[in-house]
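J.: Here's a structure for you.
The values are calculated or read from the model by the stated rules, or taken from the named source; none is laboratory data. On a predicted model such as this, the values are computed, not experimentally measured, just so you know. Glycine also receives a Cβ, built like all others from the backbone with ideal geometry; neighbour counts cover every protein chain displayed. Ligands, DNA and RNA are stripped out before the accessible areas are found, and what is left, the full protein with its side chains, is counted by its heavy atoms. Shrake-Rupley method; radii C 1.70, N 1.55, O 1.52, S 1.80 Å.
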Amino acid sequence: MKRPLYSIRMQASRNGHHLSGAEHLSTKAELEPLAASLIKRALEHMRGRAETIQLSIDKVDEAQIGYGVLPDLHTYLVDDYHQGRRAAAAILQKAGVTSAAIEGAMVAMASGAAPDGHNMRGAMLIDAVSGYRLEPDQARGVRVSRMDLTEQARHELTLGLRSLGLDNAHVREALVLAGKVVTAPGVLAELCWSDDPDYTAGYVASAQLGYIRFPHLKPKGEERGGRAFFLAAGEQNLSELIDYLQCKPLLFDHIGQFHRSRQWVEPS
Ligand code: AMP
């Protein structure tokens, strides 16, 4: 990608609550069209038109840019969101998260994880053993930014996702976000389902297991969604972790493998 690179972040709110956000790394030439598309996204959001839109653009220090490989993508087909959440919980346990921590995260995400019962702007940080929430601000959470794909990796990702019928902005952006989260120091796994009422899919991601999608993690029409990053107990240097998630520029120059969907089989 041509240098310099800029971090571009959009945050939109409505009635004082988080509505939409996005983060990219961009070349100078792409910056203007990208800014226009992010403003359009905030004004045409399906949960309503943004009332406040904040755009931040910062030049990235080239010496700081790291490179990475996207996680492998798997899909487990599930009958409904109840089965989807059981499947997600089983995989999170495999990644080392206790059932108490999983239950706490799912209850918070289902009921609106911010203190006022709305969606958070960012993610919860959850101790993977005790289930305690560790993010310094429970309304804001931690917003991951400064990550993107090289042009070649974006092209390859589009072709791979297209072959699975999954080439949409939700999957593309979530894979990139999860790809950064699972490389963060002390993060065992991530759980996500969207706050977009029409998008019922969600995922669990971990460095070992990859990015595991479930077509249903919430009922259709549900506007509450969120993200939980589960942290290994005893390895928590929160300021280092938050700094990595928010500030470290990471460009994915290689994609992972794409696996065909499999039916989830409940453990007997
Ligand atoms: P989305 O997948 O965009 O529908 O977002 C679902 C939820 O994930 C949001 O309500 C936020 O709580 C959280 N989220 C979205 N983007 C980020 C991000 N860049 N970093 C951390 N959390 C995020």
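J.: When you look at residue 211, is it of a type outside the set (S, T, N, Q), within 14 Å of the ligand (Cβ to nearest atom) and in contact with a Pro (Cβ under 8 Å, 6 or more places away or on another chain), yes or no?
T.: Yes; evaluated as a whole, the condition is true for this residue.
J.: Still on this structure, please answer the following. Regarding region 8-20, can at least one residue be identified that is without any contact (Cβ under 8 Å) to a residue 60 or more places away in the chain, more than 30 Å from residue 220 (Cα to Cα) and within 16 Å of the ligand (Cβ to nearest atom)?
T.: yes
J.: Could you list all residues from region 137-149 that are under 21 Å from residue 224 (Cα atoms) and away from the ligand (no atom under 12 Å from the Cβ)?
T.: We begin by selecting, within region 137-149, every residue under 21 Å from residue 224 (Cα atoms); these are 137-144.
If the condition is that a residue be under 21 Å from residue 224 (Cα atoms) and away from the ligand (no atom under 12 Å from the Cβ), then 137 is the only one that fits.
J.: Same structure again: Taking region 7-38 only, how many residues are among the hydrophobic types (A, V, I, L, M, F, W, C), part of a strand (DSSP E or B) and buried (at least 20 other Cβ atoms within 10 Å of the Cβ)?
T.: Here the count works out to 5.
J.: How about region 60-77: which of its residues are surrounded by fewer than 21 Cβ atoms within 10 Å (Cβ to Cβ) and of a type in the set (A, V, I, L, M)?
T.: Scanning region 60-77 gives 60, 63, 65, 69, 77.
J.: Across region 181-225, what is the number of residues that are under 22 Å from residue 237 (Cβ atoms), open to solvent by 10 Å² or more (accessible area, probe 1.4 Å) and not aliphatic (A, V, I, L, M)?
T.: Count: 4.
J.: Take the residues in region 120-135 that are away from the ligand (no atom under 14 Å from the Cβ) and on the phi < 0 side of the Ramachandran plot; name whichever of them is most open to solvent (accessible area, probe 1.4 Å).
T.: It comes out as 132.
J.: List every residue pair whose Cβ atoms sit under 8 Å apart, with the two residues 6 or more apart in sequence or on different chains, where the first one lies in region 113-125 and is farther than 16 Å from residue 142 by Cβ and the second, anywhere, is near the ligand (Cβ under 7 Å from one of its atoms).
T.: Close Cβ pairs satisfying both conditions: 118/18.
J.: Could you tell me whether residue 42 is assigned by TED's automatic domain parsing to the domain that holds residue 251 and within 16 Å of the ligand (Cβ to nearest atom)?
T.: Answer is no for this residue.
J.: Additional query: Are there any pairs with C-beta distances below 7 angstrom linking a residue in region 150-172 that is farther than 19 Å from residue 250 by Cα and open to solvent by less than 40 Å² (accessible area, probe 1.4 Å) to a residue that is more than 16 Å from the ligand (Cβ to nearest atom) and of a type in the set (Phe, Trp, Tyr), with the two at least 6 apart or on different chains, and if so which?
T.: 160/258
J.: Let me ask something else. Considering each residue of region 190-244, count those that are within 11 Å of the chain's Cα centre (by Cα) and aliphatic (A, V, I, L, M), and give that number.
T.: 4
Yes or no, residue by residue, for (1) closer than 30 Å to residue 163 by Cβ; (2) more than 13 Å from the ligand (Cβ to nearest atom):
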| position | (1), (2) |
| --- | --- |
| 30 | yes, yes |
| 38 | yes, no |
| 46 | yes, no |
| 58 | no, yes |
| 68 | yes, yes |
| 72 | yes, yes |
